[in-house]
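**Q** The following block contains the structure, expressed as structure tokens.
The values are calculated or read from the model by the stated rules, or taken from the named source; none is laboratory data. Note that the structure is predicted; figures quoted are calculated from it, not measured. Here the Cβ is made from the backbone with ideal geometry for all residues, glycine too, and neighbour counts use every protein chain on show.
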Amino acid sequence: MPSHFTLRMQFGPHQDAEEVARQLLKLVRTAPVDEVMVFFFAEDLNNGHETLDEIKEWIERTRPWRKALADAGVTLSLNQWHTMLHGDRFRTLKPDQKWQPMVDPFGKAASACVCPLDPGWRMYYEETMRLYAKEGFRVIWIDDDIRFHNHLPLTWGGCFCPLHVSEFNQRAAAKGDAAGAKATREEIVAKCLAPGEPHPWRAMWLDMWQETHLEMIARWRDIAEAGGSKLGLMSSNPDVHAAEGRRWEDWWTAFGAKMGSGPFCLKDPQGARADDARRKTDLTPSSSAMHRPHFWGYNDALGSALPGYIAMLDQNRRVQTPGMESGPEIECHPYGRWNKSFRQTGAQMALAHILGSSNLNISLYDFMGNWPDDEPERADFLRQWRPALDWLADQFPMTLKAVGVGLPWSEDMGRKVRTDGSGQWGSLTCKTRGWANWLGSAGHAFAMAAQPAVNAIGGSVAWAFSDAELREWLAKGMLLDGVAASVLVERGLGELIGMKTGRFITQKDRLYSIEHCLDAAFSLRVGAQMGANWPEHIQRMYQGDLLSGARVVSDLRGPKQNVVGHGLTLFENGLGGCVAIVPWDAQSDLAMNIQRAAQLTKTLAWLSRGVSLGSASGAPWLVPQFLTDGRAWRGVVWNASPDAVGQFTITPPADTPPIRTATHIDARGHMRSATVSGDTVVVNEPMGQWEMVVV
Ligand SMILES: [Zn+2]
């Protein structure tokens, strides 16, 4: 199954359609392009909610070059860049757009972002869909501004406007909730964000947001499908969607998925260009939905971002239903190679296929309509990488799933989390990828779902799970951070983690500055020390009243080496499970070093009772991935460090067959064999940053 390159491009009505056609035909003859995702009204060319006349002008003026592309065998899809609008950015509603603006939790109104309940805006938007649906696009994409969060300059987002409050009041009245029937925005927000057991209004509010959105989307889908187009969804950070109460399966249903349907049809094309039939694919719409997940930064990032990127795409893959078309967004904004290098763009495309993608939605061209000719190196880049990406797409079918240490999370976490009482809607967001950073950077594979041997929970996401789920995981191997441990103690599960009670301390309470290792079985060596002085993760430390049987294998010390508390604790509980607790906050910024990496590595070995979960070692920032469908196995080791690597060791998950071959893919997309000797891989050219070895 080859890759599928979709280029995200925008050319406005001010441009000469003949020249656009000439440029694009030259591009698609030079570069491997399967599809062009045509953007309308995106970014620099957005002027708020464009009028229907403006939309008609864009459609007319772009039709000649769209037809030229279609005649050349290029598939076309459409991304109209706004629904409610991403953010104001000093745009305003037009004089005849008498719509309810979006309102944030504090009552501030936007100048251009609208309330999705406004009936006038809804009529307008359905009309835009009717216009677009006549144009024969394979997919009409709904941009990820179809979300409640992130609509600057609003605080957190919206919408908490009078229309939404009224809708909530009516729903409450229908349930016989007299207080809810007359509640104000301020009262609703306060109840939704109150500390302690979540107030029932929180679920009611989130249900209202979701249900009113999905009714609207289903109407758009009907319009799109009546014209022969599918409706696709772009999405944002899954952690923040959970603070909107998003339940993904319902969304896929609204977008046209029939649950339990077979995989989308990816078939060999009829009439593909004869010179490249192998590469050309035809993504035929089926009864499944289409998803364009976001998972990587828009700019060049430090290598330390890689585990989080792996985790976010894995999260997105986990909320999809079987057989979905998944085409991750390969973004670059603001535009060009000064913003994101080819090296990192290639790595992003490779990771998309490693975690299973049907196509790649690639931004190499800006949204102002500058000519592809301005920088012909982009076409060369696409051509250079295509063979490796076709190979990766073959090697990593979408049926494979990541394995390793389980990092469970839940789409319902925003509904279940106990807030910090800050009164901010953001307090419903649980960070979920912290342990991915700590474990991935120390060379350990992870998966963004519960796993059978060892699971790790960090932070307030511990509220998201049932007692039964937690007990099941606590009967195996469980790694907790201080915050998660405090939640389990509060939930009455202390006897299963070795803590009767506990409390947080800060350096103001007891001046700690060092974590000191006491046990060689759980450290690099006895006496090894790690800084606990000012990094973010040690701002507060959870200190338990330890139960009999709990072991302290590191302690907290002050600057004069005086012991002021415990560090890592271990406990074997009555369920037969092993629990390790670090006192710090795993959802905070990473502070990795050889001592911490050794501590985590040995602790994981104890938690798994010596069974390998998959790891790599030999240099900092070797980030491994292992995937399986229960029969076939695949592994990848990334170098996320700026220092090149010559060789490393892979410890594959238990039950995997011996590693026989290894393929190094470099930053230019060149593939070359690496030498395998037992579990050692030697690359024949130095493995640079953002490069990988596939086994
Ligand atoms: Zn509203």
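**Q** Tell me, yes or no, whether segment 673-695 has at least one residue that is of a type in the set (D, E), within 30 Å of the chain's Cα centre (by Cα) and part of a strand (DSSP E or B).
**A** Looking for residues that are of a type in the set (D, E), within 30 Å of the chain's Cα centre (by Cα) and part of a strand (DSSP E or B), one finds at least one in segment 673-695, hence yes.
**Q** For segment 651-668, which residues satisfy the criterion of being closer than 18 Å to A350 by Cβ and part of a strand (DSSP E or B)?
**A** Once the filter is applied, which keeps residues that are closer than 18 Å to A350 by Cβ and part of a strand (DSSP E or B), segment 651-668 yields A662, T663, H664, I665.
**Q** Out of the residues in segment 83-102 meeting the condition of being farther than 14 Å from L152 by Cβ and within 16 Å of the ligand (Cβ to nearest atom), tell me which one is surrounded by the fewest Cβ atoms within 10 Å (Cβ to Cβ).
**A** Among residues in segment 83-102 that are farther than 14 Å from L152 by Cβ and within 16 Å of the ligand (Cβ to nearest atom), the one surrounded by the fewest Cβ atoms within 10 Å (Cβ to Cβ) is K98.
**Q** Would you say E126 is part of a helix (DSSP H, G or I), acidic (D, E) and either within 16 Å of the ligand (Cβ to nearest atom) or in contact with a Ser or Thr (Cβ under 8 Å, 6 or more places away or on another chain) (or both)?
**A** No.
**Q** Suppose we filter segment 396-434 for residues that are surrounded by fewer than 20 Cβ atoms within 10 Å (Cβ to Cβ) and either under 23 Å from S612 (Cα atoms) or without any contact (Cβ under 8 Å) to a residue 40 or more places away in the chain (or both); how many remain?
**A** Qualifying residue count for the region: 2.
**Q** Something else now. So which residues in segment 140-185 are over 18 Å from P238 (Cα atoms), away from the ligand (no atom under 15 Å from the Cβ) and not in a loop (DSSP other than H, G, I, E, B)?
**A** Passing the criteria: I140, W141, A172, A173, A174, A178, A179, G180, A181.
**Q** Before we move on, is E331 of a type in the set (D, E) and surrounded by 18 or more Cβ atoms within 10 Å (Cβ to Cβ)?
**A** So E331 passes the test.
**Q** Have a look at R672, R660 and point out the one that is modelled with pLDDT under 95 and more than 19 Å from A352 (Cα to Cα).
**A** Matching residue, one of R672, R660: R660.
**Q** Is it fair to say L131 is away from the ligand (no atom under 14 Å from the Cβ), at negative phi and at pLDDT 95 or above? Walk me through how you get there before you give the answer.
**A** Details: away from the ligand (no atom under 14 Å from the Cβ): yes; at negative phi: yes; at pLDDT 95 or above: yes.
The answer is yes for L131.
Yes/no matrix, rows are residues, columns are (1) crowded, with 21+ Cβ neighbours inside 10 Å; (2) closer than 20 Å to T429 by Cβ:
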{"position": "H199", "(1), (2)": "no, yes"}
{"position": "R202", "(1), (2)": "yes, yes"}
{"position": "M208", "(1), (2)": "no, yes"}
{"position": "A218", "(1), (2)": "no, no"}
{"position": "G227", "(1), (2)": "no, no"}
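**Q** Return yes or no: is A194 away from the ligand (no atom under 14 Å from the Cβ), aliphatic (A, V, I, L, M) and not in a loop (DSSP other than H, G, I, E, B)?
**A** No; evaluated as a whole, the condition is false for this residue.
**Q** Against the definition (within 15 Å of the ligand (Cβ to nearest atom) and either closer than 20 Å to N237 by Cα or in contact with a His (Cβ under 7 Å, 6 or more places away or on another chain) (or both)), how does G120 come out, yes or no?
**A** Numbers: within 15 Å of the ligand (Cβ to nearest atom): yes; either closer than 20 Å to N237 by Cα or in contact with a His (Cβ under 7 Å, 6 or more places away or on another chain) (or both): no.
It is false that G120 is within 15 Å of the ligand (Cβ to nearest atom) and either closer than 20 Å to N237 by Cα or in contact with a His (Cβ under 7 Å, 6 or more places away or on another chain) (or both).
**Q** Moving to a separate point now. As an exercise: evaluate S111 against (1) farther than 22 Å from M208 by Cβ; (2) part of a loop (DSSP other than H, G, I, E, B); (3) within 16 Å of the ligand (Cβ to nearest atom) and give the number of the one condition it does not meet.
**A** Of (1) farther than 22 Å from M208 by Cβ; (2) part of a loop (DSSP other than H, G, I, E, B); (3) within 16 Å of the ligand (Cβ to nearest atom), only one is false for S111: (2).
**Q** A further question on this structure: Looking at the structure I just gave you, is F137 within 28 Å of G426 (Cα to Cα), away from the ligand (no atom under 16 Å from the Cβ) and modelled with pLDDT of 95 or more? Give the derivation first.
**A** On the way: within 28 Å of G426 (Cα to Cα): no; away from the ligand (no atom under 16 Å from the Cβ): yes; modelled with pLDDT of 95 or more: yes.
Judged against the criteria, F137 is not a match.
**Q** Does at least one position in segment 67-79 carry a residue that is buried (at least 18 other Cβ atoms within 10 Å of the Cβ), away from the ligand (no atom under 16 Å from the Cβ) and in a loop (DSSP other than H, G, I, E, B)?
**A** Yes, some residue in segment 67-79 is buried (at least 18 other Cβ atoms within 10 Å of the Cβ), away from the ligand (no atom under 16 Å from the Cβ) and in a loop (DSSP other than H, G, I, E, B).
**Q** Among L206, L193, L163, which is the only one that is in contact (Cβ under 8 Å) with a residue 60 or more places away in the chain and over 28 Å from the mean Cα position of the chain (by Cα)?
**A** L163
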